[in-house]
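Read through the structure below, which is laid out as C-alpha cells, and then see the notes.
The values are calculated or read from the model by the stated rules, or taken from the named source; none is laboratory data. Just so you know, these numbers come straight off a predicted model, no measurement behind them. Note that we place each Cβ from the backbone using ideal geometry, even for glycine, and neighbour counts take in every protein chain shown. The protein model used for the area step is the full one, side chains on, heavy atoms only, and it has no ligands, DNA or RNA in it. Shrake-Rupley method; radii C 1.70, N 1.55, O 1.52, S 1.80 Å.
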Amino acid sequence: MMFLTALPLFWIMIAASRGGHWGAWMPSSISAFEGTCVSIPCRFDFPDELRPAVVHGVWYFNSPYPKNYPPVVFKSRTQVVHESFQGRSRLLGDLGLRNCTLLLSNLSPELGGKYYFRGDLGGYNQYTFSEHSVLDIINTPNIVVPPEVVEGTEVEVSCMVPDNCPELRPELSWLGHDGLGEPAVLGRLREDEGTWVQVSLLHFVPTREANGHRLGCQASFPNTTLQFEGYASLDVKYPPVIVEMNSSVEAIEGSHVSLLCGADSNPPPLLTWMRDGTVLQEAVAESLFLELDEVTPGEDGVYACLAENAYGQDNRTVGLSVMYAPWKPTVNGTVVAVEGETVSILCSTQSNPDPILTIFKEKQILATVIYENELQLELPAVTPEDDGEYWCVAENQYGQRATAFNLSVEFAPVILLESHCAAARDTVQCLCVVKSNPEPSVAFELPSRNVTVNETEREFVYSERSGLLLTSILTLRGQSQAPPRVICTSRNLYGTKSLELPFQGAHRLMWAKIGPVGAVVAFAILIAIVCYITQTRRKKNVTESPGFSAGDNPPVLFSSDFRISGAPEKYESREVSTLE
C-alpha cells in the first residue's frame with residue numbers, strides 16, 4: 001500500500017489522469033553480520049509528467065511519518081542525520097536515476113529495524129513509500145538441515161550467510177564435519193528479492209552414531225578479526241537395536257526375577273515383553289523391566305522383547321529356567337501280574353534340573369538313572385519273590401520326593417516243607433503252610449477214613465493269612481490208635497497242589513512209644529515251632545495282614561484240658577466223634 005504526505009487531493013487526481021504512479025521497490029527483509037556493512041537495494045518511481053530539476057530523498061528509521069520525527073538515516077538536501085547514523089550511512093544509488101540504494105556501515109544491534117524511503121521532487125511533490133525493508137543484525141551463520149535425517153539416506157546440509165556488504169566478503173568453513181563428508185562451496189547466490197548469500201553444502205550419509213552430532217559453520221572476513229560461528233545438532237532417525245538384555249536367567253522357585261530390555265533408537269521405541277505370543281508389558285521407553293514375583297515352574301520358558309518405531313524393529317529372546325525340587329513321582333505300569341510274565345513299570349516326574357530317579361525294594365536298588373525324568377523298570381518272568389512294595393525316589397539339589405507302589409504277583413499254590421503233623425496224647429495237630437496269590441482254599445483229606453475237612457469248618461480248622469502265606473491248622477482229638485494219613489490240598493485259579501503231611505519224628509508211631517509225659521513235651525515243642533514260623537513270616541512281609549499287629553501270635557486251637565497261654569478262647573477245639 002502507498003500513501004501521500006502533505007499532497008493536495010487534486011494532485012492525486014492529476015497524477016491518476018495522466019497514468020503515472022509513485023512506487024518503490026526494496027527487499028522486505030535483509031540481514032547482515034554485526035560489525036560489517038549492508039547495502040539495501042532500492043529503486044523508486046514517480047509520475048512521468050513530473051519533471052523535477054533535482055531529485056532528493058530521505059531515509060527514515062522505524063517510521064514513515066515525518067510528523068512523528070523519526071530518526072533520519074540519510075538526507076540528500078542537508079546531510080543532517082540522527083546521531084546513531086552519523087558516519088555510518090551513505091547513498092550508493094543515483095536519485096536522478098531513481099536509484100535509492102542505501103549503505104550502512106559498522107553495524108550494531110540497535111540499527112536493526114525498519115527502513116523507509118521518501119522521495120522529494122520539490123514543492124509538494126514529496127512521497128513516503130509504504131514499502132520498507134527490515135534489517136536484521138545477526139552474529140551466527142544459518143545452518144539448514146533437512147526436516148528429516150534418516151540413517152543410511154544421503155542428506156544435504158547447507159550453511160548460508162548474508163553477502164550484502166560490498167566492502168567485506170565472507171568466507172565459509174565447516175566445523176566438526178570429520179567423517180561426514182567433504183564440503184562443496186556454491187559461492188555467492190542471488191535470492192528472490194535481490195539480496196545475496198554465500199552458500200556452502202555438505203553431503204553425507206548419516207549413521208546412528210551421528211545422532212546428536214554438533215555440526216558447525218564458520219563465517220570469517222579476510223583482513224579483519226571478524227568471525228562468526230553457528231552450530232546445529234543432527235537429529236538422525238534410525239530403527240531400534242536392542243543393546244541391553246539379560247543373558248539366560250536361572251531362578252529358584254518362589255524367588256523374584258527381573259528381566260531387562262533396553263534399546264537404542266530415534267525416536268524412542270515401543271518396548272514389548274511377550275511370552276508365547278501373549279503381551280506381558282509394554283511402554284514407550286529406552287528400557288523396560290519385566291518383574292516376576294514368586295516364580296513358578298509354569299513361568300519357565302522363553303521371553304521375547306520387541307522394540308519398534310516408525311523406522312523399523314528389533315527383537316531378542318531370553319530363557320528363564322526355574323529351578324525346583326522334583327514333583328511326586330507317578331507310576332504307570334503293571335501292578336498285578338501272573339508268575340512268569342514280564343512286568344514293565346514306568347516312573348516319571350518333573351524337576352529342574354533333571355533328577356536322579358531310583359526304584360528300590362526292601363532297600364535294594366533295582367534301577368536308577370541320572371538326570372532323567374523317566375525310569376523304566378523291566379522284570380522278566382516275575383516270581384513270587386518279586387511281589388511286594390516298591391519305592392520310586394526322585395531327588396535333586398532342591399529336594400526329594402518319593403512314591404510307593406505295590407506289585408502283586410499271582411501264582412499257583414506252593415505247600416511249604418515246614419508243613420507237618422504232630423501228636424500229643426490223644427490229639428493230633430496238622431500244620432499246612434501255603435504260599436499263594438490270590439489266597440487259596442485249603443482242605444485236609446484223611447484218605448483212610450474218606451473224610452475231607454476245609455477251612456470253612458472252623459470247629460476243626462484254624463487259618464491265618466500273613467502276606468502271601470496262609471497257615472492252616474487241623475486239630476484231631478481222641479486219636480487212641482495210630483494217627484491217620486493226612487493230605488493237605490490247596491488250590492486257586494492258577495492250579496492245585498497236594499502234599500501228604502509228614503509226622504514229626506523218625507517214625508509215625510513215635511508218639512505212642514514215648515508215653516504221656518513225652519507226648520506233652522512234644523506237643524509243646526510243636527506249638528512253639530508254629531508260633532515261631534508265623535512270627536518270622538510276618539516280619540518278612542512288607543504289608544501287614546489286616547487285623548493283626550506285628551507282635552501278635554497267630555491263634556492256635558488246643559483241647560480244653562491243654563492250652564498255651566495266649567491262645568484265644570474262641571478258637572478252642574471241640575471233640576469230633578465222627579473223626580475217631
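Electrostatic bookkeeping for residue 151 treats Lys and Arg as +1 and Asp and Glu as -1; over the other residues with beta carbon under 13 Å from its beta carbon, the sum is -3.
Distance between the modelled labels on residue 193 and residue 458, one decimal in nanometres: 12.7 nm (7 Å Cα→Cβ projection). Within region 190-210, what residues put their amide N at less than 19 Å from the label point 7 Å along the Cα-to-Cβ vector of residue 29? Of the residues in region 190-210, 190-199 have backbone N under 19 Å from the label point off residue 29. Computed over neighbours whose Cβ is under 10 Å from that of residue 324, the net charge equals -2, Lys and Arg +1, Asp and Glu -1. For region 330-411, the fraction of 1.4 Å probe accessible surface lying on carbon and sulfur atoms is 48 percent.
Taking 29 Å as the cut-off for C-alpha to C-alpha distance, list the pairs among 67/114; 363/497; 328/363 that go past it. Don't skip to the end; give the middle numbers.
Details: 67/114 17 Å; 363/497 33 Å; 328/363 19 Å.
Pairs exceeding the cut-off: 363/497.
In this label model, residue 439 and residue 402 are separated by 2.9 nm, measuring between points 7 Å along each Cα→Cβ vector. Full extension of the segment from residue 371 to residue 342, taken as 0.36 nm per residue of separation minus the current Cα-Cα distance, would add 7.8 nm.
Please give the direction-averaged projected area of the C-alpha convex hull for region 213-296, in square nanometres with one decimal. The partial results should precede the final answer.
On the way: hull surface 34.8 nm².
Taking a quarter of the hull surface, the average projection is 8.7 nm².
Residue-wise HN-Hα couplings along region 71-82, as the Karplus relation 6.51 cos²θ - 1.76 cosθ + 1.60 with θ = phi - 60° gives them from phi, are x, 8, 8, 8, 9, 6, 6, 10, 6, 8, 10, 5 Hz; Gly and Pro carry x.
Rounded if a/c is under 1.5, else prolate if a/b is larger than b/c, else oblate: which is region 178-337, with a ≥ b ≥ c the root eigenvalues of its Cα gyration tensor? Don't skip to the answer; put the middle values down first.
Working: a/c = 5.01, a/b = 4.25, b/c = 1.18.
Prolate.
Just the number, please: carbon plus sulfur as a percent of the accessible area of region 85-127, 1.4 Å probe, no ligands or DNA/RNA counted. Ligands and nucleic acids excluded, carbon and sulfur reach 43 percent. A simple count of charges around residue 234, restricted to other residues whose Cβ falls under 15 Å of its Cβ and scoring Lys, Arg +1 and Asp, Glu -1, yields -4. The length gained by stretching the chain between residue 245 and residue 150 to full extension, at 0.36 nm per residue less their Cα-Cα distance, is 31.6 nm. Modelled label positions at residue 449 and residue 233, each set 7 Å beyond Cα in the direction of Cβ, lie 11.9 nm from each other.
Put simply, when 181-189, 85-93, 422-430 are sorted by average Cβ atoms within 10 angstrom per residue, most first, you get 422-430, 85-93, 181-189. Each of the peptides 439-451, 151-163 was scored by the mean count of other Cβ atoms within 10 Å over its residues; in descending order, highest first, they stand as 151-163, 439-451. Full extension of the segment from residue 224 to residue 385, taken as 0.36 nm per residue of separation minus the current Cα-Cα distance, would add 46.5 nm.
Within 10 Å, count the other beta carbons around each residue, average over each peptide in 486-496, 190-200, and list them highest first. Walk me through the intermediate numbers first.
Details: 486-496: 17.7, 190-200: 16.2.
Packing proxy ranking, top to bottom: 486-496, 190-200.
Counting alpha carbon pairs within less than 8 Å and at least 6 residues apart, what relative contact order, in whole percent, applies to region 23-137?
Working: 255 pairs, mean separation 42.4, N = 115.
Averaging sequence separation for qualifying contacts and normalising by length gives 37 percent for region 23-137.
The residue 48 and residue 79 beta-carbon pair, evaluated with R₀ = 30 Å, returns a calculated FRET efficiency of approximately 0.55.
Does region 330-411 classify as rounded, prolate or oblate by the C-alpha gyration tensor (a ≥ b ≥ c root eigenvalues; a/c under 1.5 gives rounded; else a/b over b/c gives prolate, otherwise oblate)?
On the way: a/c = 2.57, a/b = 2.24, b/c = 1.15.
Prolate, since a/c reaches 1.5 and a/b exceeds b/c.
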